[in-house]
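Chemist: I am attaching a structure below and will ask some questions about it afterwards.
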Amino acid sequence: MTYSRIIGTGSYLPDNVVSNQDLEKFVDTSDQWIQERTGIKQRHIASDGETTCDLAERAARNAMEAAGKGPKDIDLIVLATTTPDQVFPSTACLLQSRLDIHGCAAFDVQAVCTGFIYALGVADNFIRSGSARCALVIGAETFSRILNWEDRTTCVLFGDGAGAVVLEASDEPGILSTHLHADGDYANMLEVPDGVSKGYDRMRANAAFVEMRGAEVFKMAVNTLGRIVDETLEKNRLQKSDVDWLIPHQANIRIIHATARKLHMPMERVVVTVAEHGNTSAASVPLAFDTAVRDGRIQRGETLLMEAFGGGFTWGSVLARY
Ligand code: UT7
């Protein structure tokens, strides 16, 4: 049996840091409100001309270096983003060229905040089926480009960044299971309402920016993530206590606390980076993962549960032995 194993991680955050106090200067909000309701202290914002591919490249190079892999080793690139550089080519193809990788399949997946979990699920299936042996999987966003900086209910929540992993075929697990879900009936709870094909409604200001029914999304996220934890453990016949680390989507510390409670997991075993970069959508799980690998918390052989919830709605989880 072939499994995929995570053999290297990497991440990158833009240099430009915007604190809650910085936001207070141009939007009706406060550091206290943002920290109490979300746990966010600051976010990193890409500078003018800095694109999703730029961030993805830095994260990918870090992950490839950690994995000890060069351009010739990679035979699949899956990149999760909601904020691609261009309509086409895909950001994965742009990244492929930057990294001097040629010929292998390279494509984007779009599942908003669940994007990295989807990308990992896709790459894992390519490797298990024998279609690839060494995959580069990236979550990268310049979410700041789709924010309405006058809307305090959304602009304080998000930030830019990228995270990546290298997966390799192995006789040993590796990724134990992936669980991907969506329900498009909830599309209008969290969306950018306009787009390329639908067009841009010039009569409606800010239609090209994120709109969210925050409190409803919050409730759905807490309930759905609780269910996906159960689904993942049941599929693998594991107890809650068998999970060494929870690596959750970094949207809101209160949602993270709720999922940790559901798992009976002490917060010392939960990787939390939301304070430093806010919600970076598809980049959030791999950013947190890389942080805890590099600071030595996550060790080889430990069992990791990654999960995310986002626009679509989409949600999913990955259980992996590191
Ligand atoms: O990653 C994809 C999934 N997304 C999420 O998981 C986000 C889910 N939602 C959330 O995290 C939370 O719902 C928010 C952080 C967005 C909002 O927190 P909340 O506790 O649900 O607040 P609320 O929306 O119920 O608003 C409470 C009050 C309102 O004022 P009134 O009507 O009570 O007078 C808002 O207008 O807070 C006000 N408010 C703000 N005040 C200061 C909303 N945004 C702000 C703000 N600063 N930035």
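The values are calculated or read from the model by the stated rules, or taken from the named source; none is laboratory data. Nothing here was measured: the structure is a model prediction, and the numbers come from that model. So basically every Cβ, Gly included, is an ideal-geometry build from the backbone, and we count neighbours across all protein chains shown. Areas reflect the complete protein model, heavy atoms only, side chains present, ligands, DNA and RNA absent. Shrake-Rupley method; radii C 1.70, N 1.55, O 1.52, S 1.80 Å.
Chemist: Among the residues of the range 118-155, what is the count of those that are within 16 Å of the ligand (Cβ to nearest atom) and over 19 Å from the mean Cα position of the chain (by Cα)?
Modeler: 6
Chemist: Here is a follow-up. If T178 satisfies every condition in (1) of a type in the set (S, T, Y); (2) buried (at least 17 other Cβ atoms within 10 Å of the Cβ); (3) closer than 23 Å to Q42 by Cβ but one, which is the exception?
Modeler: Unmet condition: (3).
Chemist: With the checklist (1) closer than 22 Å to Y186 by Cβ; (2) more than 12 Å from the chain's Cα centre (by Cα) in hand, flag the one item Q299 doesn't pass.
Modeler: Result: Q299 fails condition (1) only.
Chemist: Determine whether G163 is touching a Leu at 6+ places or on another chain (Cβ under 6 Å), in the same structural domain as Y118 (by TED's automatic domain parsing), open to solvent by less than 70 Å² (accessible area, probe 1.4 Å) and on the phi < 0 side of the Ramachandran plot.
Modeler: yes
Chemist: Considering only the range 107-117, I want to know if a residue exists there that is of a type outside the set (A, V, I, L, M, F, W, C), open to solvent by less than 60 Å² (accessible area, probe 1.4 Å) and away from the ligand (no atom under 16 Å from the Cβ).
Modeler: Within the range 107-117, the first condition is being of a type outside the set (A, V, I, L, M, F, W, C), and the residues that meet it are 108, 110, 114-115.
Going one step further and asking which of them are open to solvent by less than 60 Å² (accessible area, probe 1.4 Å), we end up with 108, 114-115.
From what is left, the residues that are away from the ligand (no atom under 16 Å from the Cβ) are 108.
Yes, the range 107-117 contains at least one residue that is of a type outside the set (A, V, I, L, M, F, W, C), open to solvent by less than 60 Å² (accessible area, probe 1.4 Å) and away from the ligand (no atom under 16 Å from the Cβ).
Chemist: For the subset of the range 185-196 comprising residues that are more than 19 Å from the chain's Cα centre (by Cα) and charged (D, E, K, R), which member is nearest to I45 (Cα to Cα)?
Modeler: It comes out as D194.
Chemist: On the given criteria, is L95 surrounded by 21 or more Cβ atoms within 10 Å (Cβ to Cβ), outside the structural domain of E276 (by TED's automatic domain parsing), in contact with a Cys (Cβ under 9 Å, 6 or more places away or on another chain) and within 19 Å of D290 (Cβ to Cβ)? Please lay out each step first, then the result.
Modeler: Values: surrounded by 21 or more Cβ atoms within 10 Å (Cβ to Cβ): yes; outside the structural domain of E276 (by TED's automatic domain parsing): yes; in contact with a Cys (Cβ under 9 Å, 6 or more places away or on another chain): yes; within 19 Å of D290 (Cβ to Cβ): yes.
Taking the combined requirement at face value, the residue satisfies it.
Chemist: Report the residue count in the range 219-256 for those that are within 9 Å of the ligand (Cβ to nearest atom), closer than 24 Å to T291 by Cβ and open to solvent by 50 Å² or more (accessible area, probe 1.4 Å).
Modeler: 1
Chemist: Any residue that is closer than 24 Å to C155 by Cβ, touching a helix residue (DSSP H, G or I) at 6+ places or on another chain (Cβ under 7 Å) and open to solvent by 20 Å² or more (accessible area, probe 1.4 Å) - is there at least one of those in the range 303-314?
Modeler: yes
Chemist: Go through the residues of the range 159-167 one by one and say whether even a single one is more than 26 Å from E65 (Cβ to Cβ) and part of a loop (DSSP other than H, G, I, E, B). Before you say what the answer is, go through the steps one by one.
Modeler: If we filter the range 159-167 for residues that are more than 26 Å from E65 (Cβ to Cβ), which is where we start, we get none.
The answer is no; no qualifying residue exists.
Residue-by-condition table, conditions (1) on the phi < 0 side of the Ramachandran plot; (2) in contact with a Ser or Thr (Cβ under 8 Å, 6 or more places away or on another chain); (3) not in a helix (DSSP H, G or I):
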{"position": "I127", "(1), (2), (3)": "yes, yes, no"}
{"position": "G130", "(1), (2), (3)": "no, yes, yes"}
{"position": "V137", "(1), (2), (3)": "yes, no, yes"}
{"position": "S144", "(1), (2), (3)": "yes, no, no"}
{"position": "H179", "(1), (2), (3)": "yes, yes, yes"}
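Chemist: Within 16 Å of the ligand (Cβ to nearest atom), under 20 Å from the mean Cα position of the chain (by Cα) and not assigned by TED's automatic domain parsing to the domain that holds L287: which single residue out of F158, F209 fits that description? Explain how you work it out, then say what you get.
Modeler: On the way: F209 fails: not assigned by TED's automatic domain parsing to the domain that holds L287.
Going through F158, F209 in turn, the sole match is F158.
Chemist: Let me spell it out: the conditions are (1) open to solvent by less than 40 Å² (accessible area, probe 1.4 Å); (2) under 30 Å from R145 (Cβ atoms); (3) within 16 Å of the ligand (Cβ to nearest atom), and E216 meets all of them except one. Which number is the exception?
Modeler: (1)
Chemist: Output the residues belonging to the range 36-45 that are of a type outside the set (S, T, Y) and either near the ligand (Cβ under 10 Å from one of its atoms) or more than 16 Å from T153 (Cβ to Cβ) (or both).
Modeler: Pass one, the range 36-45, residues of a type outside the set (S, T, Y): 36-37, 39-45.
Selection gives E36, R37, G39, I40, K41, Q42, H44, I45.
Chemist: Can you pull out the helices (runs of 4 or more DSSP H) entirely within the range 1-117 that have at least 2 residues that are of a type in the set (D, E)? Lay out the reasoning, then the answer.
Modeler: Numbers: elements: 20-24, 31-38, 52-67, 91-98.
In the range 1-117, 20-24, 31-38, 52-67 are the helices (runs of 4 or more DSSP H) which contain 2 or more residues that are of a type in the set (D, E).
Chemist: Only one of V17, V27 is under 24 Å from D194 (Cβ atoms) and modelled with pLDDT of 95 or more. Can you tell me which?
Modeler: Working: V17 fails: under 24 Å from D194 (Cβ atoms).
That would be V27, the only listed residue that is under 24 Å from D194 (Cβ atoms) and modelled with pLDDT of 95 or more.
Chemist: Looking for something in contact (Cβ under 8 Å) with a residue 12 or more places away in the chain, within 17 Å of the chain's Cα centre (by Cα) and within 15 Å of the ligand (Cβ to nearest atom) - is there at least one such residue anywhere in the range 170-184?
Modeler: Yes, some residue in the range 170-184 is in contact (Cβ under 8 Å) with a residue 12 or more places away in the chain, within 17 Å of the chain's Cα centre (by Cα) and within 15 Å of the ligand (Cβ to nearest atom).
Chemist: Restricting attention to the range 199-252, and to residues there that are part of a loop (DSSP other than H, G, I, E, B) and among the small types (G, A, S), which single residue is modelled with the highest pLDDT?
Modeler: Filtering the range 199-252 for residues that are part of a loop (DSSP other than H, G, I, E, B) and among the small types (G, A, S), the one modelled with the highest pLDDT comes out as A251.
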